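Enquirer: First the structure, which I've put down as structure tokens, then a few questions once you've had a look.
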Amino acid sequence: MDQEFDNELPKCPPKPFNSVAYWLLGCSVTLLIALVVPPLFTGTLDKGSNKAPAISNLKQIGLALFDFENDYGSYPDSETAKDVTDAFPNHGHDLSGNSSNALFRQLIATGMIPDEEFFYTESRNSRKPDGNIAPGEALKKGEVGFAYISGQASAGNPSRILLLSPLIPGTTKFDPKPYDGNAIALHIDQSASVYKIGKDGHIYDKNGLDILSPEHPRWNGKAPTIHYPE
């Protein structure tokens with residue numbers, strides 16, 4: 001059964017860590033999982049597909065979001081921005097705003113993702129990040145390609161979408177050009193999917209239901225809160 005968006009987890013004090021050591025440990029764990037667990041992926045990737053790097057990036061972000069939730073009690077939102085600043089008062093990053101750039105910047109500020117390359121995916125207004133994650137430079141306009149759906153929890157409905165691309169800003173329609181008529185998405189259970197974009201620009205499940213519509217059963221009648229990249 002779906003769980004409501006406002007399902008809150010207990011707040012836990014963030015744990016201090018060395019960002020480089022944390023990242024190396026995370027990469028090691030990710031590699032181990034990749035070796036022993038079948039990949040959580042549904043869809044088709046052609047040889048040399050440009051979707052493959054994007055899917056790898058969204059899964060890396062997904063792992064960081066899961067760790068962020070463990071430390072701060074929820075995925076990044078306007079409330080956790082204060083918690084991040086309390087834990088890292090000298091981070092210097094601008095965490096204000098409702099774009100996915102601003103919310104993902106919390107992952108940079110905590111050191112959970114120390115490379116902005118992972119936020120890149122081909123989309124209408126995106127460009128390759130320059131690699132500069134200094135305050136005022138990290139995840140600037142155009143350096144993020146993923147949209148992000150907030151207000152969720154890892155304990156919620158596993159079929160709900162957490163990250164997606166290439167969503168057209170301000171809409172629930174997808175741009176068919178970057179990935180040959182396909183969209184990519186990461187679900188709450190960390191599984192990645194490739195969806196065929198319909199002629200109307202929307203993506204549908206196997207029953208023909210618009211996946212991002214509030215009328216879809218997985219959302220319990222409440223429209224998903226989508227944060228678009230700048």
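The values are calculated or read from the model by the stated rules, or taken from the named source; none is laboratory data. Here the structure is a predicted model, which means the values were calculated and not measured. Here the Cβ positions follow ideal geometry from the backbone for every residue, glycine too, while neighbour counts run over all protein chains shown. Heads up: the accessible areas ignore ligands, DNA and RNA and are worked out on the full protein's heavy atoms, side chains in. Shrake-Rupley method; radii C 1.70, N 1.55, O 1.52, S 1.80 Å.
Enquirer: Please go through (1) of a type outside the set (D, E, K, R); (2) within 19 Å of A64 (Cβ to Cβ); (3) surrounded by fewer than 20 Cβ atoms within 10 Å (Cβ to Cβ); (4) in contact with a strand residue (DSSP E or B) (Cβ under 9 Å, 6 or more places away or on another chain) for G111 and return the number of the only condition it doesn't satisfy.
Expert: If we test G111 against (1) of a type outside the set (D, E, K, R); (2) within 19 Å of A64 (Cβ to Cβ); (3) surrounded by fewer than 20 Cβ atoms within 10 Å (Cβ to Cβ); (4) in contact with a strand residue (DSSP E or B) (Cβ under 9 Å, 6 or more places away or on another chain), just (4) comes out false.
Enquirer: So the check is Cβ under 7 Å with 6+ separation or different chains; which pairs have a first residue in the stretch 121-135 that's without any contact (Cβ under 8 Å) to a residue 60 or more places away in the chain and a second one that's of a type in the set (F, W, Y) and surrounded by 14 or more Cβ atoms within 10 Å (Cβ to Cβ)?
Expert: Between residues of the stretch 121-135 that are without any contact (Cβ under 8 Å) to a residue 60 or more places away in the chain and residues that are of a type in the set (F, W, Y) and surrounded by 14 or more Cβ atoms within 10 Å (Cβ to Cβ), the close pairs are K128/Y120; P129/F119; P129/Y120.
Enquirer: Within the stretch 134-167, count every residue that is touching a Ser or Thr at 6+ places or on another chain (Cβ under 8 Å) and outside any loop (DSSP other than H, G, I, E, B).
Expert: Selection size over the stretch 134-167: 6.
Enquirer: Check the stretch 63-83 and report whether any residue there is open to solvent by 10 Å² or more (accessible area, probe 1.4 Å), in contact (Cβ under 8 Å) with a residue 24 or more places away in the chain and of a type in the set (S, T, N, Q).
Expert: yes
Enquirer: For the stretch 125-174, what are the residues that are open to solvent by 10 Å² or more (accessible area, probe 1.4 Å) and of a type in the set (D, E)?
Expert: D130, E137
Enquirer: Now for a separate question. Please go through the stretch 96-107 and pick out each residue that is open to solvent by less than 10 Å² (accessible area, probe 1.4 Å) and touching a His at 6+ places or on another chain (Cβ under 7 Å).
Expert: Hits for the stretch 96-107 are S100, L103.
Residue-wise test of (1) in contact with a Lys or Arg (Cβ under 6 Å, 6 or more places away or on another chain); (2) touching a residue at least 24 places away in the same chain (Cβ under 8 Å); (3) over 26 Å from Y75 (Cβ atoms).
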| position | (1), (2), (3) |
| --- | --- |
| L167 | no, yes, no |
| T172 | no, yes, no |
| Y179 | yes, yes, no |
| A183 | no, no, no |
| L186 | no, yes, no |
| D200 | no, yes, yes |
